[in-house]
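Novice: Dropping the structure in here first, questions after.
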Amino acid sequence: MNDCICIGEFIKPHGICGELLFATYNPLSDALDSNIPLFVEKNYELEPLEIEKIRRVNKGYLVKLCGVDSIESAENFRKVPVYIKKTDINLNLGEYLVSDLIGLNCFNDNNRKIGTVSEIYPGEADIIEIKSNEATYLIPMTEGNISSIDIKNSKIAVKNEENYKI
């Protein structure tokens, strides 16, 4: 399942005809608006969802799945996470999935390893948390602090790390 990412979950049944309330984990996500195939986990395997219709509502989406025609059958999907394939995500230049950044090795201007990415805190400027045995750094992910991100080689080059050591 490393090639997939969880985008949200079915919250609860809605009405008596089998519709489900779906909430995305990222409010900016448009995955349900763009006909990207959706999957649920069943017996440690991902199975595609057959969707009859989707409509936006103020708290997320109402989803009608094929073959789910009653509140009782919809109840089986309560709190079920929904996945999409990473290859279906269109990222712009300089955009990365948080799951791809966690665990990357971070190096300073002198090419000395200062730690690994342990968390990304979202915000106007996302904050990258880098941990090592010696220190923890909370560095804003701006051009002034991040020189480069190389997912293939599991490497992030940072600057000014001493200003953000805690």
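Novice: Tally the residues that are closer than 13 Å to H14 by Cα and touching a helix residue (DSSP H, G or I) at 6+ places or on another chain (Cβ under 6 Å), restricting the search to the range 56-107.
Specialist: 2
Novice: On the basis of being in contact with a Lys or Arg (Cβ under 9 Å, 6 or more places away or on another chain), assigned by TED's automatic domain parsing to the domain that holds K12 and of a type in the set (K, R), does R78 make the cut?
Specialist: It is true that R78 is in contact with a Lys or Arg (Cβ under 9 Å, 6 or more places away or on another chain), assigned by TED's automatic domain parsing to the domain that holds K12 and of a type in the set (K, R).
Novice: Of all residues in the range 72-110, which are without any contact (Cβ under 8 Å) to a residue 60 or more places away in the chain, part of a loop (DSSP other than H, G, I, E, B) and surrounded by 13 or more Cβ atoms within 10 Å (Cβ to Cβ)?
Specialist: Within the range 72-110, Y96, I102, L104, N108 qualify.
Novice: Across the range 33-61, what is the total count of residues that are part of a loop (DSSP other than H, G, I, E, B) and of a type in the set (D, E)?
Specialist: Within the range 33-61, residues that are part of a loop (DSSP other than H, G, I, E, B) and of a type in the set (D, E) number 1.
Novice: Could you say whether any residue in the range 62-69 is within 29 Å of N35 (Cα to Cα), outside the structural domain of F22 (by TED's automatic domain parsing) and either not in a loop (DSSP other than H, G, I, E, B) or not basic (K, R) (or both)?
Specialist: Checked against the condition, which is being within 29 Å of N35 (Cα to Cα), outside the structural domain of F22 (by TED's automatic domain parsing) and either not in a loop (DSSP other than H, G, I, E, B) or not basic (K, R) (or both), the range 62-69 yields no hits at all.
Novice: Quick one: count up the residues across the range 126-153 that are closer than 14 Å to V98 by Cα and surrounded by fewer than 13 Cβ atoms within 10 Å (Cβ to Cβ).
Specialist: Total meeting the criteria: 2.
Novice: Further question on the same structure: Would you say D109 is over 29 Å from C6 (Cα atoms) and among the acidic types (D, E)?
Specialist: Spelling it out, D109 is indeed over 29 Å from C6 (Cα atoms) and among the acidic types (D, E).
Novice: Could you identify the single residue in N26, N92, N111, N105 that is more than 19 Å from I151 (Cβ to Cβ) and polar (S, T, N, Q)?
Specialist: Exactly one residue qualifies, and that residue is N26.
Novice: Taking the stated definitions as given, is G144 assigned to a loop (DSSP other than H, G, I, E, B) and closer than 17 Å to I5 by Cα?
Specialist: So G144 does not fit the description; no.
Novice: Among what's in the range 47-89 and is of a type in the set (D, E) and farther than 11 Å from G18 by Cβ, pick the residue that is modelled with the lowest pLDDT.
Specialist: Only one residue fits best here, namely D88.
The values are calculated or read from the model by the stated rules, or taken from the named source; none is laboratory data. Here the structure is a predicted model, which means the values were calculated and not measured. Note that each Cβ is placed from the backbone with ideal geometry, even for glycine, and that neighbours are counted across all protein chains shown.
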